1. In nm, give the distance between the simple-model label positions of E257 and E341, each being 7 Å from the Cα along the Cα-to-Cβ direction.
2. In the structure shown, do any of K106/K292; K366/K430; K185/K292; K363/K399 have a Cα-Cα gap over 21 Å, and if so which?
3. Which of rounded, prolate, oblate describes the range 202-282, given a ≥ b ≥ c as roots of the alpha-carbon gyration tensor eigenvalues and a/c under 1.5 marking rounded, otherwise prolate only if a/b is larger than b/c?
4. Assuming R0 = 51 Å, what is the FRET efficiency of D109 and L456, from their Cβ-Cβ distance, to the nearest 0.05?
5. Just to verify a number: FRET efficiency for D419 and W372, C-beta to C-beta distance, R0 = 45 Å, to 0.05?
6. If the chain between Q349 and L127 were fully stretched, how many nm would it gain, using 0.36 nm times the residue separation less the Cα-Cα distance?
7. Between D394 and V269, what length comes free when the chain is fully extended (0.36 nm per residue of separation minus the Cα-Cα distance, one decimal in nm)?
8. Between D233 and D308, 0.36 nm times their residue separation minus their Cα-Cα distance comes to what?
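What follows is calculated from the coordinates using simple rules that are stated; it is not laboratory data. Since we're looking at a predicted model, the values are computed, not measured. Counting neighbours? That spans all protein chains shown, and the Cβs are built from the backbone with ideal geometry, glycine included.
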Amino acid sequence: MSIKRKIFLFSLSLVMIACNVPLFSLLLNNQDNAEPAQEVPTNTTTSTQTAGNFGGKAEQSAAKAEATATYTPTATQTPTATATEVPKAVGPIDYPSGVNPLTGQKAQDPASLKLAPAMLSITNWPLAARPQAGLSYTPIVFELYIGEGMSRFLAVFYGDLPNIDDLDGNSDQAKDDAGKTLNTKVGPLRSGRLPYQSLRQFYNGFLVMASAFSGVMQNLSEYSNIFGSDADDINSAMVDVTKLEKFAMNSGINLGENGLQGMMFDPQVPAGGVNGSDLWYVYNAIDMVNWKYDSASGSYQRFQDNADGQTFIQASDRLNGEALTYENVVVLFATHRMCNEYAFEIDLQSMRRAPALLFRDGKMYKIYWTTWNEEYERTTGKLRPIRFMDKNGDPFPFKPGQTWIHLTPLHTPYWESIDSNILFDLLNKKEDGSGIWVTRFYTEQMIFDQAVCDKLK
C-alpha cells in the first residue's frame, strides 16, 4: 500500500531560442517581491546575477495574441487518504518509530525505511508520457528545467513502494484491495542531469535513469541505467518496483542512525502566512503548471496545460488512476550556473540560507532553506536532506504528507495576479491579496559559468 494514494511542450519557438528572449515578458517590474540574496558561506564561491529584463512592445503584442485560453480541467477521482498522520509535530531530529522522516507519517512497512531512497529521473515530455506511473507514492518530487521550456522530475521513492506487498508472484502485475490488477512498473524514465548528483547525496539515495550524456554521466555516481525496449516509445522505459527494492538492497548505502533527519512536520497550521490558494508556475505559453488548493483533502492538486495553453488536465497516477495531490508545494530559489540552456548546475551544496516559498493549507509562507554543514555532517561525514527554516533560523513545519519542489533560479520574481488562466493576465495583472501566486522560469536568470562547461568535457 502507498503512503498516500491521491488526488505536460513544445519547445519555445525557434525565434525565441535564436533571439534568446522570452515569448512573453512581465510588463511590471516585480523586484519588490524578490527575496534577499542568499547568504554565501565563506568557503563557497558564487557569481552575482541581476533580474531579467521584463517588458517590451513585441512581447506585449505576442502575449495578447495568446489571450484566448479556456480553462477546461479534466478531473479525476479524489483519493481517500490511507496513511495515518502523526497527531503532533515530529522532527527535525528525532522521529517516532516507523515514521517516515520525509513525510512525517507512519510507514505501512517500517522495515522499508531502512532501505536507501530510489531517485528516479521521470520524464514529463512528450505528452504521451503523461500520466506518469508511481508519483502518488513519492514523499518528495523535484521538478527542474531541462531546456527548451521543458521540465523533468527527480522523484524520490522512499518507504512504502507501490503495492510491493501485494505482488502475487508476478513481477508485472499487482492487485489492490479490491482485487483490481495494477501495473507495478513506474516511470517513464529519461536521462540524467547534473543537478541529480547533489540531490542524490543529500538524500543518501541512488539514481535510476535512462542513461545520460557522457559528460553528465561522468559527474554522477550511484546510478542504474534502465533502457526502453523501443526508442520510439517513451513508455517502454519503465522499471518494476521489485527492481527498486533489489537496487536498494544491493546499493551498499547505509542510511545510518537518523540519516534522513532535518524536516519538521506539524499538522497544525503555522501562524502567519498569507492567502495561497493557487500557484502558477510558468515555463512558457504552452507549458503552464497550476497548483490549486483543495480544502476537502487539505492538499494541492496539479493541473498542466495539454501543450496548448488552453486545456488544463489534472495530473494523475497511471498506476491507480488517482489524482496527484501534495500537501506541500515549494518554490526553492537557488543560483543556476550554466554552460548552455541544457547543461547547468544548481548551487545547493553548503548553503547557509536562501529563500523559498511554501504553500500548505491554502497559505503561502516566505521561508528559507539550508544545507549548511552542522554537527551531523561534521561527525558522520554524510549529508542530510535540504532543511527549511523561518527568518530566525528555527525549523519551519511542513504539513505531514508529500512535498513537490520547483527548483527555480535565484532572484526570480513572483507576484499575486487575478483569477485567470490566460497567460497575458497572469503575467501582467496584479491583484494583491488574491492568493493566486505566479512565477515564471526565465533562462535569463541563469548565469554562464565556464567551469560547468569544463565538467562536461
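1. Spacing of the two 7 Å Cα→Cβ label points: 5.1 nm.
2. Values: K106/K292 26 Å; K366/K430 19 Å; K185/K292 28 Å; K363/K399 11 Å.
Those over the limit are K106/K292; K185/K292.
3. Details: a/c = 2.33, a/b = 1.48, b/c = 1.57.
It comes out oblate by the Cα gyration axes.
4. Details: r = 40 Å, r/R0 = 0.79.
For D109 and L456, the calculated efficiency is 0.80.
5. That gives a FRET efficiency of 0.70.
6. Numbers: separation 222, 0.36 × 222 = 79.92 nm, distance 3.31 nm.
Roughly 76.6 nm would be gained on extension.
7. Working: separation 125, 0.36 × 125 = 45.00 nm, distance 1.61 nm.
Here the answer is 43.4 nm.
8. On the way: separation 75, 0.36 × 75 = 27.00 nm, distance 2.20 nm.
Additional length available on full extension: 24.8 nm.
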